[in-house]
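To start, the structure itself, in C-alpha cells.
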Amino acid sequence: MSESAPAINFSPSNIRGDALSTPGTALRILGFAILVIAFVMGMRAQDQGLFLRTWMQAWLFVTTISLGALFFLIVHHITHAGWSVVVRRPAEAIAANLQWLWIGFLPFVFYWWKGELDFIFPWANLDALKQISAAEAELVAKKSAFLNDKFFMIRAGVYLVTWVVLARFFVGNSVAQDSDGSMTHTKKLEKWAGPAAILFGLTTSFAAFDWIMSLNPAWFSTMFGVYFFVGCCTGGFAYIGIVCLRLQALGYLKGIITTEHYQDIGKLLFAFGVVFWAYIAFSQYMLIWYGNIPEETAWFLARQIGEWRWVSVVLLFGHFILPFLFLISRWTKRWRGTLLFACVWMVAAQWFDLFYLIQPKIPHDIGVYDTYEQILAHYSNESAHFFSPWNWVLLVGFMLMLTGSTMRRLSSMGLLCIKDPRLNESLRFENM
Amino acid sequence: MTTLSPTTSPLIQGNQIPRKRLYGIMAEFHDPAALMAAADKVRLAGFRWWDCHTPFPVHGLDQAMGIKRTILPVLVFGAGLTGTTIGFCLQAFTNAASFSIWALVWVTGYPFLISGKPLISLPAFIPVMFELAILLSALSAVGIMFLFNGLPRWNHPLLSNKRFLRVTDDRFFIVIESRDPRFFASRTEQFLKDLGAKTVEMVEA
C-alpha cells in the first residue's frame, strides 16, 4: 500500500557494507592461494587433460556467473527497468569480477607457450590427432582456418577485453552516479546498453564455441552459443539471489529489498535458468537425435556411456524437472528460505551442467562397433571422474575468489544505487 | 438524484410501480486513498456483492477489499498437464497403436515407422506435447478468466450512468449491489455518505 510505506533507513549501517572488506580479502587470498598451489601441482598431474578440463570447468563456472550478472545489468538498462534498481548494486558487484577473471585464462596461454595446448584441445596438434583417429583429423584439418592456436588466442583476448570493458562501463557509471547524482550516467548507460547486448551475445557465443565446443573439434551444434548463454543466466540470476538474501540476513538493506523483488528474481531464474535451459537443451538434443548423423550423435553417445548416463539423468532432473516443479509456485519464490534453497540448487546445477559439457570425451573407436548396445557394454565402466580431487579443489578455490572479490567490491562501492532516478519506483515496487 | 429515500426516490414514487429495478448504489470518490479507506470499511461492514471501479490498477486494493487470490493458476496448471497427456495419447495412438476407437467416427491407429525410430519415441513426441500444453493453458487461462468475471456480456447497468463515465479518467467508485443480503437502500446510502463519498447515487438495473 503506497500510503503506508514505512520510512526507509538510508543510514550507512544499512546501505554501506564496510565490514565486508576484511572477510572478503581473507576469502580472496585463501582462494588465490588454493588456485596457485593447485596449478603448480596440476602441472605435475598424470592426466594433464583432466586437470586442464577441470580448470576450464571451474573457471567458466565463476565466469558464467559474472556474465549472467552482466547480462542482468544490460537488460536492466535496455528496458529502462524500474523494479530492479535496489538489486542492481549486488549484480554490479558480481559483474565487476570480470575485471580480474581473465587471469583464469592464463594457464591456457602458459600451455600454449609450452606448445602443449593439445592436452585439452585436440585440434591444437593435428599430427597427434591423426595418430589416434585419421578420420577425425581429416575433418578437423578442414576447420584449421578458424581452429588454429594463434587465432584462438587472439579471439580469447578479444572476448576477455570486451568483458572487462563492458563491466567497467556498467559498474563505473553507476558508481560515479552515487557521488554526483547526474542523470547523464543513466542516459549513457541506456544508450549503450543496446550495442553492449550485441557485443555480449557475440562474445559469449564464440567463447562457447572456442572453449567448450572445440574440445570435441569434429562435433558442432548451432545451438551451442545459446546453451552457454542460458548457463550464464542460470548461474548469474541464482547468484544475484544468493548475494541479496545473504546481505539481508547479515542485516543490510533492511526494508529496501522486499518480497516483491525476490519474487521477480525467482521469476527470472525460473524462466531463464529452468524453462529456457530445458527448451534449448532439448532443442539441441532432438535435432541431433532425429538427424542421426554419426559425427553429431557421438557427442551425446559420450554422455550415455558408463557413469555419464547417470550424469545425464541427474542433469535432466536437477536442472529442469525438480526445479520446475519447485519454483512454479508463487510462494516458493516469495519466501526467503525456499528461494535461497532454489538459488543454491540452481548455482550447483549450472556447475554440474558445465561438468557435463566439458568433461566427457568421445571414444575414438566408436566406428568399430555395430550397435549402440555394444558400445554401452564395452564402455560400461567409463568413469566420470566426478570425485577427482581437482573437481572440488578448483571449485572451492574459484568460488572463494568470486565470493571474496564480490564482498570486497560491495564494501567499496556501497550496497545501493542511492542516486538512481528510478530508486523510488523500485522501493515502492509491487507485483500485481 | 442524490437525496434519496424509499419514499421520495424517483424510482419509487407513491404507489406507482417502478419501471426499473434497482441495481445498486454507487459512491463516487476523487482519489484512490479515499477509495481504499472506504473499501476497507465496506469490507468490514460485511457486504459481499460489491465492487470497486478505478481508472488504473490501485496497489493494495485487493487486500482492502478482502479479495482472495484466484485459483486460476492451479486450474491452468491442470489444463497444461491435460494438454501434455492428450498430446502424448494422440501421437501414441495415431502413430503406434493398431486398435480402433470411437471418436464421433471410428478411427484406427496406424503403426508407422519413421526413420527407424521406435514407434513410441518420446523425443519426437515432446514438441507436440509441449505445444498442446501451451495451447490448453492459454485457452483455459483466458476462458476461465472470462467465466470467473461473468464475461462476455452485452451491457452493464453502470455503463448507462452519466457520472460513471469518468471512471476511465479521474473518478473512483464503490458500487454496492441491491442483491447483497445486507443491502437496504436508505441505510446503505447513508453508510456510503458517511464514508466520505463525494456523491452517492442509485443505479437502475
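The values are calculated or read from the model by the stated rules, or taken from the named source; none is laboratory data. On a predicted model such as this, the values are computed, not experimentally measured, just so you know. As a convention, Cβ positions derive from the backbone with ideal geometry for all residues, glycine included, and neighbour counts pool all protein chains shown. Accessible surface areas use protein heavy atoms only, side chains included; no ligands, DNA or RNA. Shrake-Rupley method; radii C 1.70, N 1.55, O 1.52, S 1.80 Å.
For the stretch B:88-108, state whether one or more residues are within 14 Å of chain A (Cβ to nearest Cβ), out of contact with any helix residue (DSSP H, G or I) (no Cβ under 7 Å at 6 or more places or on another chain), open to solvent by 50 Å² or more (accessible area, probe 1.4 Å) and of a type outside the set (Gly, Ala, Ser).
No, every residue in the stretch B:88-108 fails to be within 14 Å of chain A (Cβ to nearest Cβ), out of contact with any helix residue (DSSP H, G or I) (no Cβ under 7 Å at 6 or more places or on another chain), open to solvent by 50 Å² or more (accessible area, probe 1.4 Å) and of a type outside the set (Gly, Ala, Ser).
Considering only residues of the stretch B:163-205 that are hydroxyl-bearing (Ser, Thr, Tyr) and under 22 Å from the mean Cα position of the chain (by Cα), which is least open to solvent (accessible area, probe 1.4 Å)?
Only one residue fits best here, namely B:SER178.
Each row is one residue, and each column tells you yes or no for (1) within 21 Å of the chain's Cα centre (by Cα); (2) hydrophobic (A, V, I, L, M, F, W, C).
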{"site": "A:GLN99", "(1), (2)": "yes, no"}
{"site": "A:GLY104", "(1), (2)": "yes, no"}
{"site": "A:LYS114", "(1), (2)": "no, no"}
{"site": "A:PRO122", "(1), (2)": "no, no"}
{"site": "A:ALA128", "(1), (2)": "no, yes"}
{"site": "A:ALA135", "(1), (2)": "no, yes"}
{"site": "A:GLU138", "(1), (2)": "no, no"}
{"site": "A:LYS150", "(1), (2)": "no, no"}
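So, A:PHE151, is that one surrounded by 15 or more Cβ atoms within 10 Å (Cβ to Cβ), in a helix (DSSP H, G or I) and modelled with pLDDT of 95 or more or not?
Against the criterion (surrounded by 15 or more Cβ atoms within 10 Å (Cβ to Cβ), in a helix (DSSP H, G or I) and modelled with pLDDT of 95 or more), A:PHE151 does not qualify.
Any residue that is assigned to a loop (DSSP other than H, G, I, E, B) and surrounded by 14 or more Cβ atoms within 10 Å (Cβ to Cβ) - is there at least one of those in the stretch B:148-162?
Yes, the stretch B:148-162 has at least one match.
Would you mind stating whether A:TRP219 is assigned to a helix (DSSP H, G or I) and either surrounded by fewer than 20 Cβ atoms within 10 Å (Cβ to Cβ) or touching an Asp or Glu at 6+ places or on another chain (Cβ under 7 Å) (or both)?
So A:TRP219 does not fit the description; no.
Taking only the stretch B:60-69 into account, find how many residues are more than 10 Å from chain A (Cβ to nearest Cβ) and open to solvent by less than 40 Å² (accessible area, probe 1.4 Å).
Looking only at that region, the number is 1.
Table: residues versus (1) within 14 Å of chain A (Cβ to nearest Cβ); (2) of a type in the set (A, V, I, L, M); (3) open to solvent by less than 40 Å² (accessible area, probe 1.4 Å); (4) within 22 Å of the chain's Cα centre (by Cα).
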{"position": "B:ILE25", "(1), (2), (3), (4)": "no, yes, yes, yes"}
{"position": "B:LEU44", "(1), (2), (3), (4)": "no, yes, no, no"}
{"position": "B:VAL58", "(1), (2), (3), (4)": "yes, yes, yes, yes"}
{"position": "B:ILE71", "(1), (2), (3), (4)": "yes, yes, no, yes"}
{"position": "B:SER115", "(1), (2), (3), (4)": "yes, no, no, no"}
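Quick one: which of A:ALA238, A:ALA278 is within 14 Å of chain B (Cβ to nearest Cβ), in contact with a helix residue (DSSP H, G or I) (Cβ under 7 Å, 6 or more places away or on another chain) and buried (at least 17 other Cβ atoms within 10 Å of the Cβ)?
Going through A:ALA238, A:ALA278 in turn, the sole match is A:ALA278.
So, in the stretch A:364-385, of the ones that are surrounded by 15 or more Cβ atoms within 10 Å (Cβ to Cβ) and not in a helix (DSSP H, G or I), which residue ends up modelled with the highest pLDDT?
Within the stretch A:364-385, the match that is modelled with the highest pLDDT is A:TYR379.
Does A:PHE326 meet the test of being under 30 Å from A:SER84 (Cα atoms), more than 18 Å from the chain's Cα centre (by Cα) and at pLDDT 95 or above?
Yes.
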